[in-house]
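The values are calculated or read from the model by the stated rules, or taken from the named source; none is laboratory data. The shown structure was predicted, so the numbers you read here are calculated from the model rather than taken from an experiment. Every residue, glycine as well, gets a Cβ built from its backbone with ideal geometry; the counts of neighbours run over all protein chains shown. Remember, those area values only see protein heavy atoms, side chains included, never the ligands or the DNA or RNA. Shrake-Rupley method; radii C 1.70, N 1.55, O 1.52, S 1.80 Å.
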Amino acid sequence: MKLFKELLNIRSSPSKITSKPREVNVFSKLHKNLIIYGLVLLLFCWIGNILYYNNKEIKKPLFLKHYYALQDGMGDFNLYYVQNINSQDKVSSIVFPEIGQNPVNFTENDDNNAYCNIDKRYYALKTIRITIYNGDSNNMPAEYKNKIITKAKIQFSNGKSMNVSLGKIYFASEKIKDNGLEQRSTTVSTDNIAYYTYWIKKDIMITGIDYQFEKQVKGMLEINIDGKAISKNSFPIRLYSVGMVSIGDKMNLNKNNAYFFNFHILTEDLQGNKGKSSCFIGSIFQPPENLDVDTLKKNSRGE
């Protein structure tokens with residue numbers, strides 16, 4: 001009986017020995033599957049990154065819309081466009097067909113917008129500074145006076161050219177005649193709120209507010225006088241001499257556009273003499289990643 005049990009132990013012992021290789025084989029197979037799944041996951045991430053980058057990449061420069069009203073003495077103005085961060089293309093020639101066929105003087109520089117190009121992932125905001133005056137900086141060239149520019153033909157260093165819709169740039173040659181208000185101080189905050197303080201030199205009436213691009217900034221510009229919001233129904237407003245008046249504006253402007261113009265305070269004194277005083281409105285630029293690039297792409301189709 002004892003011998004029989006020993007024989008049984010001997011016969012059963014091989015099964016105990018062979019069970020270990022099976023466990024090792026299962027572990028090896030599981031390890032191999034994990035490696036395969038990891039490689040597949042990395043492949044999908046890599047493809048996803050490529051697709052995401054291709055979706056972010058722009059095929060051509062995207063120009064902002066510009067709404068400028070330039071007066072005599074303003075011989076320079078800027079045009080802005082968005083380009084891929086790694087692009088080496090530069091503007092080589094600019095022509096305004098509505099003015100003539102001669103290229104204009106300009107310089108291109110994105111360094112002065114370095115504060116707007118902190119995020120280096122996708123885009124850079126480029127600046128083109130146009131110079132229209134040759135010599136006499138006090139008198140606007142005749143070909144620009146009372147003209148409106150809406151488009152430009154732009155040539156790039158890679159040989160490609162674009163017909164660009166610029167927005168609306170108006171060159172006004174009229175002289176602003178002040179009547180009764182003398183500007184003493186200006187305060188502008190980074191959240192697009194500005195205050196202008198005027199000394200009232202004589203009794204006058206404010207008869208209205210006038211500015212270019214009323215349609216383009218409708219609902220985006222709020223104006224107040226001494227803290228009270230005004231509308232077209234607020235006028236006339238009587239101001240008495242030897243006092244101060246504060247005029248403020250709050251701008252909720254479209255970030256995809258560039259603005260540079262004045263709104264005018266229309267005045268009339270007791271003798272019927274009319275005049276106007278100007279308050280400046282301009283853009284405070286945001287980093288390119290805050291722009292609506294998809295809208296810029298959509299608006300640039302056909303250019």
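When all protein chains stay in place and ligands, DNA and RNA are ignored, the 1.4 Å accessible-area order of Tyr122, Tyr81, largest first, is Tyr122, Tyr81. The Lys298 and Lys177 beta-carbon pair, evaluated with R₀ = 45 Å, returns a calculated FRET efficiency of approximately 0.55.
Rounded to the nearest 0.05, what FRET efficiency do Tyr122 and Asp191 have when you use their Cβ-Cβ distance and R0 = 30 Å? All intermediate terms of the calculation are to be shown ahead of the outcome.
Values: r = 26 Å, r/R0 = 0.86.
E between Tyr122 and Asp191, to the nearest 0.05, is 0.70.
Neighbours of Glu214 by Cβ distance under 13 Å: Lys/Arg scored +1, Asp/Glu scored -1, total +3.
Summary of packing: across the peptides 237-248, 199-210, the per-residue average of other C-beta atoms within 10 Å ranks them, highest first, as 199-210, 237-248. Residues of the range 145-160 falling in the label zone of Lys90, defined by backbone nitrogen less than 13 Å from a point 7 Å along Cα to beta-carbon, are 156-158. The packing ranking of peptides 100-106, 274-280, highest mean first, is 274-280, 100-106, where packing means the average number of other beta carbon atoms within 10 angstrom of each residue.
Ratio of Rg to Rh for the range 148-283, alpha carbon only, Kirkwood?
Details: Rg = 18.0 Å, Rh = 16.8 Å.
Rg divided by Rh gives 1.07.
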